[in-house]
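Here's the structure, in structure tokens; my notes come after.
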Amino acid sequence: MSAPAALIVTLGCPKNKVDSENLENLLHKQGIQTVSSVKDASFVIINTCGFIESAKQESINEILSLTAEKAGNKKILVFGCLAERYKDELMAEIPEIDAIWGVGKDEEIVRYFKETLTKEQLTAEKPRNISRLPYAYLKAAEGCNRKCSFCVIPSIRGGFRSFPIEEIVQKAKVQIEAGKRELIFVAQDLTSYGADTGSSLSDLIRKVAALSGDFWIRLLYLYPASINDELIACVRDEEKVLKYFDIPFQHSEGRILKAMGRSGDSGQHLKLIGKIRSEIPDAVFRTTFIVGHPGETHRDFSALMSFVNEAQFCHVGVFSYSDEEGTRSFNMAKKVSEKTMKKRIDDIMMLQAKISYEKNLKLIGGTYPALIDEAGEGILIGRLQRHAPEIDGNVIIELHGDEKVDTDTLSNFINVTIIDASEYDLTGKIHD
Ligand code: SF4
């Protein structure tokens, strides 16, 4: 009989991915093998997301679909943000769940395995599934001290705390030695890194950039009001840091941002973007917006559209406001209908598609380094500096005649000349 193995299913953002990887490492240290298919798993562990309505629904659907496949002694275990918020409700509504934990409960989960399995099952020598992808997420901090009125994260994840700089540098070193070519720093509020420990995000970046090896550093989730001159200079000067600014502005109108518990307005946002562009002309900008926050009028929304047009982002993500119990926005009047929110999302995405397409067209004829994630039939799939994995599209590289894919090409950098473009992806060929 084969030894018990666990499948970890991760929903939500890259921060959850890091939590799942940490749990996988801990389980592996206990001799629990992880597998990639439900049929091979004795334990299915679901790391849930409870950030907004659509994410909650996705997590619930995943739990339901996995419990429907439950057979024999297979155990269904649930943890993460949704479980933190709705532990009792989930246990009551889905009795097939065998155990449930909130966030930061790795030790309890490991204890569950120790108590459930025999000593022989726990100490067996087993291989670990290691991702072949050439990028790795590194979580720099946990929690958030901001007070965005629509957001449940601080109540789920707690206050902001930075992880020790040496610990992150060590993790980065391990990933580089394992062959990762892109290290992606994530946190709920990355720009606050070090504020509680007398350090700073720039310190962290410089220390990791000083490690030897051929790799990129990408920063995700930069809170706009905390992007200072030091950080801009650090991104500008450190060669290994991608000139990629992921700044979740959430809105452009001061009135709405104030209701959201955030600061700034379109003028300040444009000033920040202009400053970064003047220091780093090839900077790539991604942002996210929430449409339909209580009180958002048609006038606010058309001002947001004008801002999107003026700012000329490379990538934009838009979410509809999600009315979450326990937040301040939940109690605000003048809620916007689902229908209006959907129309607003469509309008922004249509405008942004045009902007992204025009930007992509300008890349045709240029040659850029690409990091190759995968190989397909006659093609390679890679990403340029402007493409964060899983959210921003790819460059599809067509292979011709004698062009061969060897192990050096996969998970590595090659120079690619862009030959075609759509609003989302680029097409390229290997540069001669
Ligand atoms: S910065 Fe605002 S939106 Fe982001 S996690 Fe903190 S409170 Fe939530």
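The values are calculated or read from the model by the stated rules, or taken from the named source; none is laboratory data. Note that the structure is predicted; figures quoted are calculated from it, not measured. As a convention, Cβ positions derive from the backbone with ideal geometry for all residues, glycine included, and neighbour counts pool all protein chains shown. With ligands, DNA and RNA removed, areas are computed over all heavy atoms of the protein, side chains included. Shrake-Rupley method; radii C 1.70, N 1.55, O 1.52, S 1.80 Å.
Isolated cysteines of the chain, defined as having no other cysteine beta carbon under 4.7 Å away, are C13, C49, C81, C144, C234, C314.
Of all DSSP-defined beta bridges confined to segment 367-430, some 85% are antiparallel rather than parallel. If you sort the three axes of the alpha carbon gyration tensor as a ≥ b ≥ c, you get a/c of 1.5 or more for segment 5-123 and a/b above b/c, which makes it prolate. Only the Cβ atoms of Lys and Arg (+1) and of Asp and Glu (-1) were treated as charged; on that basis the dipole of the chain about its Cα centre amounts to roughly 980 debye.
The antiparallel fraction among DSSP beta bridges confined to the chain stands at about 35%. Taking GluC sites (Glu not before Pro) across segment 326-432, the ones in a DSSP loop with at most 15 further Cβ atoms lying within 10 angstrom of their Cβ are E377, E390, E403. Go through T417, I379, I397 and say which Cα lies farthest out towards the positive end of the charge dipole of segment 367-430; charges sit on Cβ, +1 for Lys and Arg, -1 for Asp and Glu. Of the listed residues, the answer is T417.
Normalised by 2.2 N^0.38 Å, with N the number of residues, the alpha-carbon radius of gyration of the chain equals 1.02.
Between the alpha-carbon centres of segment 309-382 and segment 1-62 there is a gap of 27 Å. Largest GNM mean-square fluctuation among I153, I414, I46, using the chain with Cα springs under 10 Å: I414.
Mean separation of Cα pairs under 8 Å and 6 or more residues apart, divided by the residue count, gives the chain a relative contact order of 10 percent.
Length available on full extension from R236 to K339: 0.36 nm per residue minus the Cα-Cα distance, which gives 32.8 nm. Rounded to the nearest 500, the helix-only mean residue ellipticity at 222 nm of the chain stands at -11000 deg cm²/dmol, with each DSSP H run of n ≥ 4 adding -39,500 (n - 2.57). Remark: the chain carries 46 Å² of accessible area per residue (probe radius 1.4 Å; ligands, DNA and RNA excluded). By the rule of a C-alpha distance below 20 Å, with chain neighbours fewer than 8 residues away ignored, the lysines paired with K240 are K139, K171, K173, K180, K207.
In straight-distance terms, cross-link reach from K342 covers every one of the lysines whose alpha-carbon lies under 19 Å from its own, apart from those fewer than eight places away in the same chain; here that gives K56, K334, K354.
Leaving out ligands, DNA and RNA, what percent of the accessible area of the chain is carbon and sulfur, probe 1.4 Å? Heavy-atom surface of the chain belonging to carbon and sulfur, 1.4 Å probe: 50 percent.
Taking other residues whose beta carbon is less than 11 angstrom from the beta carbon of S278, and scoring Lys, Arg as +1 and Asp, Glu as -1, yields +3.
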